[in-house]
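For reference, the structure is listed below as structure tokens.
The values are calculated or read from the model by the stated rules, or taken from the named source; none is laboratory data. The model shown is predicted, which means the values in this text are computed figures rather than measured ones. Note that we place each Cβ from the backbone using ideal geometry, even for glycine, and neighbour counts take in every protein chain shown. Ligands, DNA and RNA are stripped out before the accessible areas are found, and what is left, the full protein with its side chains, is counted by its heavy atoms. Shrake-Rupley method; radii C 1.70, N 1.55, O 1.52, S 1.80 Å.
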Amino acid sequence: MTQGDRVALDNCIKCSICVSHCPVARVTDKFAGPKQNGPDLERFRLEEPAAVHPSIGYCSNCKTCDVVCPSGVSISVMNCKAKGEYVSLHGAPLRDKLLCRVEMMGKMSRLAPSLVNVLGGIKPLRILGEMVMGVSSKMTLPQYAPKTFLQLYKPQSLANCKGKVLYYPGCYVNYNNPEVGLALVKVLNHHNIEVMVDQFECCGLPIIANGFLDVAKGHAERNIQKLKKYAAEGYQIITTCPSCNLTLGRDYHELFDLDTSEYSVMDAFEYLDQLLEQGELKTDFCNVSLKLGYHQPCHLKAAGSGVPSLAILQRIPGLQVQDLDAGCCGLSGSYGFKKEKYPISQEIGQNITRAVQEMAVDQVITECGMCQLQIFHLTHQEVIHPIQILARAYKL
């Protein structure tokens with residue numbers, strides 16, 4: 001632990017606000033809470049790294065503890081390191097080793113994505129999977145797209161190019177929801193902005209959340225090398241996934257002490273908001289008569305960039321966007337797919353179910369692919385990314 005981290009640790013004033021806001025601790029006593037697993041035990045781990053409470057496995061890594069801490073203590077980093085220490089000491093089930101490899105599963109699905117989708121919907125197979133592997137048979141599985149985003153992406157030759165960005169799509173957009181990436185490319189090309197894509201590795205967040213820190217560090221080192229190269233060539237790096245954004249831009253440095261100072265990562269709407277402030281955002285919107293409910297992902301809150309999409313969406317004529325303001329959705333990547341954590345995940349998400357019902361919205365929008373899946377699972381409402389609404393408003 002660095003001196004800087006120690007100072008942060010000593011800043012914990014034991015106010016327990018992180019416990020009172022923790023979505024997991026709110027619904028179950030199986031998790032001892034972010035303070036006990038974080039700053040409290042971290043003091044012992046400075047001398048004895050094995051001082052890890054077994055309940056650390058129930059931390060969902062939503063990072064709400066970081067957001068609410070009045071002293072700026074990196075509680076989620078302490079919890080991630082503690083989970084890594086626990087896994088290195090006690091190992092992890094095969095299920096966790098597989099669930100966190102979302103990139104590997106995406107590549108394997110390319111052999112027959114339609115067949116994978118069909119098999120994932122056969123109830124007896126899901127029940128068998130729950131009995132043998134511990135993967136919940138109730139949770140909706142993500143569907144794999146017929147073609148990946150990288151296969152569908154076609155670079156456009158732009159006259160009078162006004163800027164250039166490197167788009168990091170992330171595993172979910174690439175393998176499951178390429179429409180999000182395609183919508184972003186259309187919107188940026190509409191503004192004469194060049195979009196570059198490349199083959200990156202998974203950002204590593206699912207691997208971090210399951211405690212395999214050494215593996216995730218390898219992903220981080222390789223991704224950083226590529227990101228630095230594009231930044232040096234003048235590309236602004238953007239993402240549409242808040243979790244990828246946070247991992248590339250902050251976790252690599254805070255968790256692994258890697259140098260990320262040579263590049264910066266922005267949310268796609270942060271970049272568009274910048275265009276808006278510069279008076280360069282096109283406003284040739286058509287009317288979109290919809291009443292939308294907006295869900296802010298936990299990792300977007302943790303990034304501290306506010307809700308950059310709303311400033312633009314509110315300019316679209318006919319469009320009503322209401323903040324669901326219902327807290328964490330509960331899925332937290334692979335967390336809610338695990339048999340023993342599925343009930344916790346569903347209980348956390350009930351606030352969203354109630355908000356959607358009370359507001360009677362036509363559709364829900366949110367930036368996180370996993371939040372999209374969970375909200376659909378909870379409410380059966382169609383859930384899409386805000387960039388898809390913007391592309392629709394431009395008639396792209």
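Search region 307-332 for residues being assigned to a helix (DSSP H, G or I) and touching a residue at least 60 places away in the same chain (Cβ under 8 Å), and hand back the single one that is nearest to the chain's Cα centre (by Cα).
Among them, the one singled out is Ser309.
Could you check region 55-119 for helices (runs of 4 or more DSSP H) lying wholly inside it with 2 or more residues that are charged (D, E, K, R) and more than 21 Å from Lys341 (Cα to Cα)?
102-109
Could you give every pair whose Cβ atoms fall below 6 Å, whose first residue belongs to region 71-86 and is in the same structural domain as Asn61 (by the TED database), and whose second residue is among the polar types (S, T, N, Q), counting only separations of at least 6 or pairs across chains?
Pairs that qualify, where the first residue is in the same structural domain as Asn61 (by the TED database) and the partner is among the polar types (S, T, N, Q), are Ser71/Asn11; Val73/Asn11; Asn79/Asn37; Ala82/Asn37.
A quick yes/no check of all residues on (1) open to solvent by 10 Å² or more (accessible area, probe 1.4 Å); (2) over 21 Å from Thr366 (Cα atoms); (3) at pLDDT 95 or above; (4) not small (Gly, Ala, Ser):
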position: Ala220; (1), (2), (3), (4): no, yes, yes, no
position: Pro242; (1), (2), (3), (4): no, no, yes, yes
position: Phe256; (1), (2), (3), (4): yes, yes, yes, yes
position: Val265; (1), (2), (3), (4): yes, no, yes, yes
position: Phe269; (1), (2), (3), (4): no, no, yes, yes
position: Asp273; (1), (2), (3), (4): yes, no, yes, yes
position: Phe285; (1), (2), (3), (4): yes, no, yes, yes
position: Leu300; (1), (2), (3), (4): no, no, yes, yes
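Inspect all residues belonging to region 286-306 and state whether any of them is in contact (Cβ under 8 Å) with a residue 60 or more places away in the chain, part of a helix (DSSP H, G or I) and over 27 Å from Ile75 (Cβ atoms).
No, because not a single residue in region 286-306 is in contact (Cβ under 8 Å) with a residue 60 or more places away in the chain, part of a helix (DSSP H, G or I) and over 27 Å from Ile75 (Cβ atoms).
Residues of region 41-56 being in contact (Cβ under 8 Å) with a residue 12 or more places away in the chain and surrounded by fewer than 23 Cβ atoms within 10 Å (Cβ to Cβ), which ones? Step through it out loud before you land on a result.
Taking region 41-56 as the starting set, the residues that turn out to be in contact (Cβ under 8 Å) with a residue 12 or more places away in the chain are 41-43, 45-46, 49-50, 52-56.
Selection gives Leu41, Arg43, Arg45, Leu46, Pro49, Ala50, His53, Pro54, Ser55.
State yes or no: is Asn61 within 25 Å of Phe200 (Cβ to Cβ) and open to solvent by less than 20 Å² (accessible area, probe 1.4 Å)?
Yes.
For every residue, the table says whether it meets (1) β-branched (Val, Ile, Thr); (2) open to solvent by less than 10 Å² (accessible area, probe 1.4 Å).
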site: Leu319; (1), (2): no, no
site: Ile344; (1), (2): yes, no
site: Ile348; (1), (2): yes, yes
site: Ala360; (1), (2): no, no
site: Leu378; (1), (2): no, no
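Only one of Leu272, Leu255, Leu276, Leu281 is within 23 Å of Ile207 (Cβ to Cβ), touching a helix residue (DSSP H, G or I) at 6+ places or on another chain (Cβ under 7 Å) and not β-branched (Val, Ile, Thr); which?
Answer to the selection: Leu255.
Among the residues of region 141-165 satisfying the criterion of being among the polar types (S, T, N, Q) and part of a loop (DSSP other than H, G, I, E, B), which is least open to solvent (accessible area, probe 1.4 Å)?
Across region 141-165, the extreme among qualifying residues is Thr148.
Kindly list, by first and then second residue, each pair from a residue in region 182-203 that is farther than 19 Å from Thr148 by Cβ to a residue that is among the aromatic types (Phe, Trp, Tyr), limited to pairs with Cβ atoms under 6 Å and residues at least 6 apart or on different chains.
His190/Tyr394
Specify the residue that is nearest to the chain's Cα centre (by Cα); the eligible residues are those in region 84-120 that are open to solvent by 70 Å² or more (accessible area, probe 1.4 Å) and among the charged types (D, E, K, R).
The extreme case among them is Arg101.
Name the residues in region 64-76 that are out of contact with any Pro (no Cβ under 6 Å at 6 or more places or on another chain) and open to solvent by 10 Å² or more (accessible area, probe 1.4 Å), would you?
Thr64, Asp66, Val67, Val68, Cys69, Pro70, Ser71, Gly72, Ser74 - these are the residues of region 64-76 that are out of contact with any Pro (no Cβ under 6 Å at 6 or more places or on another chain) and open to solvent by 10 Å² or more (accessible area, probe 1.4 Å).
Quick check: is even one residue across region 138-160 at pLDDT below 95 and among the aliphatic types (A, V, I, L, M)?
Checked against the condition, which is being at pLDDT below 95 and among the aliphatic types (A, V, I, L, M), region 138-160 yields at least one hit.
Taking the condition more than 18 Å from Val383 (Cα to Cα), in contact with a helix residue (DSSP H, G or I) (Cβ under 9 Å, 6 or more places away or on another chain), buried (at least 22 other Cβ atoms within 10 Å of the Cβ) and not small (Gly, Ala, Ser), does Leu188 pass? Walk me through how you get there before you give the answer.
On the way: more than 18 Å from Val383 (Cα to Cα): yes; in contact with a helix residue (DSSP H, G or I) (Cβ under 9 Å, 6 or more places away or on another chain): yes; buried (at least 22 other Cβ atoms within 10 Å of the Cβ): yes; not small (Gly, Ala, Ser): yes.
Spelling it out, Leu188 is indeed more than 18 Å from Val383 (Cα to Cα), in contact with a helix residue (DSSP H, G or I) (Cβ under 9 Å, 6 or more places away or on another chain), buried (at least 22 other Cβ atoms within 10 Å of the Cβ) and not small (Gly, Ala, Ser).
Go through region 360-387 and report how many residues are assigned to a helix (DSSP H, G or I) and over 22 Å from Arg26 (Cβ atoms).
Of the residues in that region, 5 qualify.
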